[in-house]
Each structure stands twice: as structure tokens, then as C-alpha cells.
1. Accessible area of the range 25-134 with a 1.4 Å probe: how many percent of it is carbon plus sulfur?
2. State to the nearest 20 debye the size of the charge dipole of the range 25-134 about its Cα centre, where the only charges are +1 on K and R beta carbons and -1 on D and E beta carbons.
3. If you roll a 1.4 Å probe over the heavy atoms of the protein chains, what accessible area per residue do you get for the range 25-134, in Å²?
4. For the range 25-134, what relative contact order do you get, as a whole percent, if you take Cα pairs closer than 8 Å and at least 6 residues apart?
5. What whole-number distance in Å separates the alpha-carbon centres of the range 31-61 and the range 94-131?
6. Once you place label points 7 Å from the Cα toward the Cβ at His107 and Glu80, how far apart are they in nm?
7. Could you give the Stokes-Einstein D for the range 25-134 in µm² per second, using the C-alpha Kirkwood radius, 37 °C, 0.692 mPa s?
8. Multiply the residue separation of Arg34 and Glu69 by 0.36 nm, subtract the distance between their alpha-carbon atoms, and state the gained length in nm to one decimal.
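The values are calculated or read from the model by the stated rules, or taken from the named source; none is laboratory data. What you see is a predicted model, and the numbers here were worked out from it, not measured in a lab. Neighbour counts are summed over all protein chains in view; Cβ atoms, including those assigned to glycine, are modelled from backbone coordinates with ideal geometry. For the accessible areas, the whole protein counts, side chains as well, though only heavy atoms, and no ligand, DNA or RNA atoms are used. Shrake-Rupley method; radii C 1.70, N 1.55, O 1.52, S 1.80 Å.
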Amino acid sequence: MAPAKMGAGGQQMNVNILDSEDERSPLDFESISRAEIEVFGLIPELCPTLNIAYCRYMRMVGYISCSDEFEERQKEKDKEKFWPTLTKANCLHPALSANMCALFMNHYCGIPFDQAFAWHRRVEAQEWRQGIKPIYGVTVSEQYQAKMDDDTNKLTKAALIKEDGTTSMIDAKDVPF
């Protein structure tokens, strides 16, 4: 695992670059594998900033919860500015929209649109691979369905975000994937 560094606002940020997906631990969405860099065309030096901007968008749309007052204030400011765009676009499921996420990340966080779009798709693929999120409209191969019954292929614990914004850990076997 090799750390890559970049400066953002004068601060050093790190991202773990994994040689193999086998090195990834469950719920690690901050590390990136060499394969993901290649497949999604990501710039490794942007990965920490991409993750921060992505999380900011996901907090705004309610997919992840805020961990402190700073994030809560930022969420409210972002919602005030960007929610009209989501409404105008008739975006019913903003957490699933790579386009809306990339538009937000580009306009409010200064991230290149293509990198923001690719980051959303990378996280979506990782969530699908780990059994956290289904990809709607995609028929899953019989070989992968067989793997889904293998507990080593998916999380044993998953974060459940309730409608009231609270988060709890649940056993993956209790969730219909």
C-alpha cells in the first residue's frame, strides 16, 4: 500500500493506493486500488479531494449523516444553493445521480467534471461489489449470484442510515441484497 500526497488549501492529505482489492477492508471508501485508477481514469493526486467533495454532496442529499456542527452548517449552505438545481432537474434520487453529484462537485468544489463523475461511479461499483447497493436495471450473472451467497464476498456488517438521519450497524445477512 503506497500513500499518495497532495496539497489542498496548504494541508497535506493522504490516500492509500492498494496494489490489490484484497487489501481493502470493509467500509474503506477512502483507499483506491491501482485497478480503479486505471479503469475509472482517476488522477491519484485528486483522490483525497474527490472523496471529500463526494462526501459533502452525499451529506447534502441525506445519503450519509454529518459527524459534527461544521458538516451540518456546510450541508445547510450547500442545500440552500444546490437544492433548486436538483428540483429543476426533477432528480428524484440524487444520491444515485452521477451527473448531479459531478455537477455539484465541479461547481461548488472545483473538481473537474469527468473526475467527479468517475469518482461517483467508482464508489457505486465498490458498493455494488461489497453488496451494499444493487445496480438497478442490470441483470447479474449466475456466476456473480453464486458469489453473493459467499459471506467472504460481501460485508458482514453494513451501515444503515435511517430516515431520521441516525446511523446504526446491521448484519449484512439481515439485509436483502
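1. Working: 3140 of 5560 Å².
Here it works out to 56 percent.
2. Once rounded to the nearest 20, the dipole reads 340 debye.
3. 51
4. About 30 percent, as a whole number.
5. Centre-to-centre (Cα) distance: 8 Å.
6. 1.6
7. D, rounded to a whole number, is 230 µm²/s.
8. This chain segment gains 9.1 nm when fully extended.
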